[in-house]
Amino acid sequence: MNKKGITLFFGYKLHIGEAQKLIKKYGFDCIITNADKKFDSENGDIEQQVQTCKKYGLELSSLHMTYHGEDISKFWIDCDYGNMLEKNLIEDVKIAYKYGFTCVVVHLEGEPSQIGLDRLNRVLKYCEKHDIPLALENIGHFKLLKYTFDNINSPYLKFCFDIGHQNVFEPEYDNLKYFGDKLITLHLHSNNGQKDEHTLKKYGNIDWESFAKWLAKNNPNINLDYEILMNTRYGETPEEVLAETYKEACELEKMIEKYKN
């Protein structure tokens, strides 16, 4: 049986703790979240998040890295912001270890360089020390991911497969074919192939059946973690979004079971 998770912030501004209460009520086992202080008003700080998850019996799945999207490419450049990104990653690894997250999910973009590889190798030393894997997520930079995996040989360098990103950013690349043996965590959500919407299955065109076949053969027991960001664009309430997402997770689990046999 697959554990089922969802992002702590799934698009609705709720009182701190209310999200965990609802997430547990609608059947989920775990949450994915981040320790980025810029989201404290949505989630509470990481200490509050974890304490409230424990209160409602929710496990911790992946922890997303701390970053500002417009500057993330500087990780590969010799500059102060690149150094800060490295320090942030190390801090996220320490936070993941302290609270019991399964891994830290990382976005990479920019022009590859030895500087970036050296930074990642230094971060991976902390990963090894704390037994916390670093999971590189596909965000539309397949060649950079391949470069990184080709040039770093570490059992702590893993892969986070985002099925929505695959559908909208790089449908021509089969990320699971190249990096599936390193898969440790998932970001599940849908879109119509035109925009990264982080929406529900019924609003997208992703081939979930083929994905279930792959999981059944290669990683059938992985957590089914959903990275949903609905807001009110389609008129659903938070309760309706949670109910629909959990239903999707159960349907995906049934497909996986079908193809295991």
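Here are some notes:
- Residues whose placed amide H lies under 5 Å from that of ASP162, excluding near-sequence neighbours: ASN138, HIS187
- Likely footprinting exposure, VAL168, VAL105, VAL241, fewest C-beta neighbours within 10 Å first: VAL168, VAL241, VAL105
- Within the chain, the whole DSSP H helices whose Cα atoms reach 30 Å or more along their own axis and whose mean Kyte-Doolittle score is at least -1.0 are 238-260.
- Using C-alpha pairs below 8 Å separated by at least 6 residues, the relative contact order for the range 4-260 is 18 percent.
- For the range 52-87 and the range 159-178, distance of Cα centres in Å: 21 Å
- The range 1-93, relative contact order in percent, only Cα pairs under 8 angstrom and at least six apart counted: 26 percent
- Burial ordering of HIS64, HIS107, fewest other beta-carbon atoms within 10 Å first: HIS107, HIS64
- Segment LYS21-ASN218, length gained on full extension (0.36 nm per residue, minus Cα span): 67.6 nm
- Residue order, fewest to most beta carbons within 10 Å, for GLU47, GLU253: GLU47, GLU253
- Between the listed residues ASN83, ILE72, VAL104, the Cα displaced farthest toward the positive end of the dipole of the chain, a dipole computed from Cβ unit charges relative to the Cα centre, is found at VAL104.
- Relative intensity, log₁₀ I(q)/I(0), of the chain from a Debye sum that treats every alpha carbon as a point, q = 0.13, 0.14, 0.15 Å⁻¹: -0.83, -0.97, -1.13
- Residues LYS37 and LYS182, FRET efficiency given R0 of 25 Å [Cβ-Cβ distance, rounded to 0.05]: 0.25
- Sites LYS13 and GLN114 - FRET efficiency at Förster radius 45 Å, r taken between beta-carbons, to 0.05: 0.55
- Placed amide H near TYR226: partners under 5 Å, 5+ positions off or other chain: GLY5, ILE6, THR7, LEU188
- Percent RCO, i.e. relative contact order, over the range 50-187, from Cα pairs under 8 Å lying at least 6 residues apart: 21 percent
- Förster radius 30 Å - calculated FRET efficiency between LYS54 and LEU229 (Cβ-Cβ, nearest 0.05): 0.75
FYI, it's all coordinate maths here, none of it is from the lab. This is a predicted model, so every value here is computed, not measured. For neighbour counting, all protein chains shown are included, and Cβ atoms are generated from backbone atoms with ideal geometry for every residue, glycine included.
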